[in-house]
Each structure stands twice: as structure tokens, then as C-alpha cells.
Amino acid sequence: MSSDESQDPAELQMKARILELFLPPHNKKIKEIALLVNRSRSFVYHKLQELVDEGKLERLASGHIKRVLPESQIEGYSDVIKEDFDKYKSIERWIYRMKRDKVKGWAYQVTNLFKICKTLQRVPDHFLAPLEQVEQFMEEFDEKFRKGEAFYIDDKNIKKQKSREDVSIAHFVKAVRSFRQKLGHPIPKGVGGILSVTEETGKYARHKLTDTQRLSGIEFMKNQNEKHGDLFTFHNEVGWRTDTLFQTLAKGKAQFKKKIMEVLDPKTNQKVVCEIFICEGIIEEKQEMAFDKIIMTPEARRVVRKIIKGEKLIEGKADWKAKKEYNENLRRFYKSIGELSDEPDPKKGTKDYYLSEYPSHFIRHSWSHWLMRNCGYNASVVANFGWEDSETLTKIYAKQSIDDLLNIGNCDFCRPATNKDPDVKVFCCLQHAIAYYNQQEPPILNE
């Protein structure tokens, strides 16, 4: 017979209550517990000692009792799907408190902790352990992540995640920090190591290509590799992350709907017949969300027609060699227009560093600025094409300069500015951008 079975049910209930109050998130002192359970402090102290003797708590070398469950008391790992993850009591409390505190993107944080647990085959409560132990867990996760051995979620539940050049571990660390914070185990400020990793928000949010540079890039990339010219054109139009771009095109997943529309030209009071292509349903792995894409420039519409006819922009597998070749040509292009220097070891945080280390992800940043110019600098509209919210867009990807702000209200379709920058096109709304690009090259109505 176990010690629990030999004890009075009322006594077991009292012990369980004392244990609950002693551990996070309550972290009550003995005096406070005594008041809450209506017993003396010595009674509470002796019950805590019994819990130590039973292996339900641990005592430090200093004599103090640790406010964390011993490893042996933590529920063992069992393979779970995402839908069952929030059944853990600690996850339930975490979600409740994030919702209560109106934390933005709380579901994304839960998803990231789930990925960590799946990768390491651990349960959430392991991440409430002492910091030294949690740091070891995250170092192990970081190693697996960089080897491409972490997990992500798709509509079939779980797949292995390939390593990606444009993803850091910062958002996973953020999830662990939030989990501990909301459950009474905050990571103190000033803690170093892997638990101090944060997202580098805003450092590269103003880097972009002008329209003139984008068009010259198409010709440059074609001269390097005909397929890369089309790939660069399409990439600048849809802004997918590198892995999404290559996997989607290599596997022929992209499906396009052609739409014919009319836009009134206020200068002539005549309607401009326009065509656009819409691509739906492609999931960005990092965000685990699908965003619709709109293809409107003449150059990109020509590329889409090639794809529809069965031409592949990515021949063979979308492996690291294919991405490496594309990135090398991008670096050559950036150097040719003076955006990237020959500095062999650029300092982190500089434009040289970003273009050198993340040449293809830079396209996503540039694309976000291009969309802002096309949509009258309306971040709420632009966010629909690739971000969870407009705050993420303007803070991390498309931070606006004074010149951008002064361009608000100008439109190259209906009211061009007199002293405008010849290298960029700006529009008051998306419809006028579509009309402008269709005036450059009229739509093909019968195909």
C-alpha cells in the first residue's frame, strides 16, 4: 500500500492544497499559506517536510525547499497533437492569463512552445525548472533547429522542419519567457546566454529597392540565369520567404485566378480595363498562415502566364544548392548597384550585413515597401498580403521615412507630384496602382 493510500483523504486534500499554494504561480510564504488553510505555521512547515520526504518537493543544499516540482513528479512526455496541447494544466493557465492580459499573438506563442516540446519530447512543466536546466533545454533545441530537426505544424499535423536562413530562434525563446512569466517563474533581466536572445526588430525595416533598381535587377538576373530573372520578378511581386518561394514553385503548388476589373481614371473620366492574377492558399511555414497574393505589374503577369503554361522557375529539387545559386546572383546584383560593398566581414546590424547574410529575405522587406507605395501607405490594407497585423509590418518590415510620409496623397495615376522621385512610383490606393500597371501593358482578355 502506498503512503498516499494509507493517509486520510482530508489530510491528502490538505497536503495537495499546501503544495499548490507553495508552488508557482502562487509562491505563497509559509505564513500566508497558514492563513489561507486556517492552520498554524508549524503545521504547514511539517506538511512541506512530509512532501519533501515523499519526493514531491526537493530541498536545496542551503536547506531551503525548491519551489518547483522534482523531475520525477512531472508528467512524462507522450506524443500529442496540437489540438490536445492546451489540455495541460500549465498551458491552460498560461492561455487564460495571456487572454486576460490581452497579449497580442498569444496563439503564436503557444504554437512555438508546442514545437519546442515536440522537438525535445518534453512536457511544458519542464520549462518551469531552474534556469540552468531550461537553458540546457533551449541550447539543445537551438542545435536541433539549426540542423533542421525541429518540428512545424501543417494541416496534416506534424512534419519535420527544414532549416531556414530567415528564421531565428528568438520567437521560441520569447514563448518560453512568456510561459514562465505568466506562471510565476520570470526570467530576470540581465540573464545572458540563449535565454537572452531577442528578435532584432526594426534594424532592417527601412532597407528596400527602388522601382528603377527592381527593374534593373530583372535584367541583371536574366543575364546571370534566365530562370533567375523570372524568379526575381515573381519574388518581388509576392514577397514569399525563401523556403516558401522555392518549395511552392518547385512542386508546382501555385494556382492563379485571373480577374478582369475596371478602374475609373478621374483625369479622363474613362474606365481602364485591367487584369490581375490572384494566388491563394500558400502557407508561410513560419507564420502557419496563408496569405493571398496579387500579381499586377506587366513583368510579373508575363511570368505568371509562363507558370500557368507549365514552365517551371525552379528546375529539379528546391535544395540548398538552388537557393545558394540564387543568393549568390542576388549578392552580385546588390554589388552592381552599389547597395552592397566588398567588405569581407560586415558588422551585424548594418545594411551590408543584411544584404550579405540574407540576400533573398531582403526581397521580402523591399516588397513590403513596394506594397506600401502601391496602397497609399495604408498599413492595414498591406498587412492582409503577408502579416498577422499592421504593427508587425511597420515595425519590422516597412518602417516609413520622412520622404515616405511626404508622399502620402500623391498618385502617379490620378495626381502625380510635380517634383517627385523618378525612381519610385506611388499611388493613393491599390486600384490606381493596378490601373497604372495595366496602362503600361494592356491586359489579354481572350486567352
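Laboratory data are not the source of any read-out in this text; all were calculated from the coordinates shown. Small disclaimer: the values here were computed from a predicted structure and weren't measured. FYI the Cβ positions are ideal-geometry reconstructions off the backbone, even for glycines, and counts take in every protein chain you see.
Run the numbers for Thr418 and Gln400: contour at 0.36 nm per residue of separation, minus the present Cα-Cα distance, in nm.
Details: separation 18, 0.36 × 18 = 6.48 nm, distance 2.14 nm.
Using 0.36 nm per residue and subtracting the Cα-Cα distance, I get 4.3 nm.
Helix 298-308 sits at what angle to the longest principal axis of the chain, using alpha carbons and giving 0 to 90 degrees rounded to 10?
Compared with the principal axis, the helix lies near 70 degrees.
Mean-square fluctuation check for the chain, GNM, Cα pairs under 10 Å: which of Leu340, Leu264, Leu406 is largest?
Greatest mean-square fluctuation among the candidates belongs to Leu406.
Give, as a single signed number, the net charge of other residues whose beta carbon lies under 14 Å from the beta carbon of Arg100, with Lys and Arg counted +1 and Asp and Glu -1.
Values: positive: Arg93, Arg97, Lys99, Lys102, Lys104, Lys182; negative: Glu92, Asp101.
Cβ neighbours under 14 Å give a net charge of +4.
What is the angle, in °, between the Cα long axis of helix 211-224 and the longest principal axis of the Cα atoms in the chain? Nearest 10 is fine, range 0 to 90.
90
Given H placed on each backbone N at 1.01 Å, which residues far from Arg59 in sequence or on other chains put an amide H within less than 5 Å of it?
Lys66
Could you work out the relative contact order of region 240-312? I mean the mean sequence separation of Cα pairs under 8 Å and 6+ apart, divided by the number of residues, in percent.
Details: 89 pairs, mean separation 19.4, N = 73.
Relative contact order here is 27 percent.
Amide H neighbours of Gly376 under 5 Å, at least 5 residues apart or on other chains, H built in the peptide plane: list them.
Under 5 Å from the amide H of Gly376: Phe427, Cys429.
Could you compute how fast region 211-440 diffuses translationally, taking Rh as the Kirkwood radius over C-alpha pairs and applying Stokes-Einstein at 25 °C with viscosity 0.890 mPa s? Give it in µm² per second.
Details: Rh = 18.5 Å.
So the translational diffusion coefficient is about 133 µm²/s.
Counting only C-alpha contacts under 8 Å and six or more residues apart, can you give the relative contact order of region 211-440 as a whole percent?
About 22 percent, as a whole number.
Tell me the net charge near Cys411. Cut-off is 13 Å between Cβ atoms, Cys411 excluded, with +1 for each Lys or Arg and -1 for each Asp or Glu.
Values: positive: Lys267, Arg373, Arg415, Lys420, Lys425; negative: Asp265, Asp412.
Once positives and negatives cancel, what remains is +3.
First measure r as the distance between the Cβ atoms of Glu149 and Asp8, then evaluate 1/(1 + (r/R0)^6) with R0 = 56 Å and state the FRET efficiency to the nearest 0.05.
Details: r = 49 Å, r/R0 = 0.88.
So, using R0 = 56 Å, E works out to roughly 0.70.
Would you mind working out the magnitude of the charge dipole of the chain relative to its Cα centre, with +1 at each Lys and Arg C-beta and -1 at each Asp and Glu C-beta, to the nearest 20 Debye? Walk me through the intermediate numbers first.
Numbers: 76 positive and 68 negative charges, 129 e Å.
Magnitude of the dipole: close to 620 debye.
May I ask for the Kirkwood hydrodynamic radius of the chain, worked out over all distinct Cα pairs and given in angstroms to one decimal? Each step should come with its number before you reach the end.
On the way: mean 1/r = 0.0393 Å⁻¹.
After inverting the pairwise mean of 1/r, the radius is 25.5 Å.
Using alpha-carbon pairs under 8 Å, 6+ residues apart, how would you state the relative contact order of the chain in percent? Before the final figure, lay out each step's value.
Working: 582 pairs, mean separation 57.7, N = 447.
With pairs under 8 Å counted, the relative contact order is 13 percent.
So who's got an amide H within less than 5 Å of the one on Leu264, skipping anything under 5 residues away but keeping other chains? H placed 1.01 Å off N, in plane.
Correct list: Val272.
In whole Å, what are the Cα extents of region 213-294 along the three principal axes, biggest one first?
That gives 44, 34, 20 Å along the principal axes, largest extent first.
Cα axis of helix 41-53 to longest principal axis of the chain: angle in degrees, 0 to 90, nearest 10?
Once rounded, one gets 70 degrees.
Each label point is 7 Å from the Cα along the Cα-to-Cβ direction; what then is the distance between the points at Thr268 and Glu219, in nm?
It is 2.7 nm.
Quick one: net charge around Ser380, please, counting Lys, Arg +1 and Asp, Glu -1 for every other residue with C-beta under 11 Å from its C-beta.
Values: positive: none; negative: Asp389, Glu391.
Residues near Ser380 contribute -2 overall.
Could you identify which residue out of Glu237, Glu311, Glu343 has the top mean-square fluctuation in a GNM of the chain using Cα springs shorter than 10 Å?
Glu343
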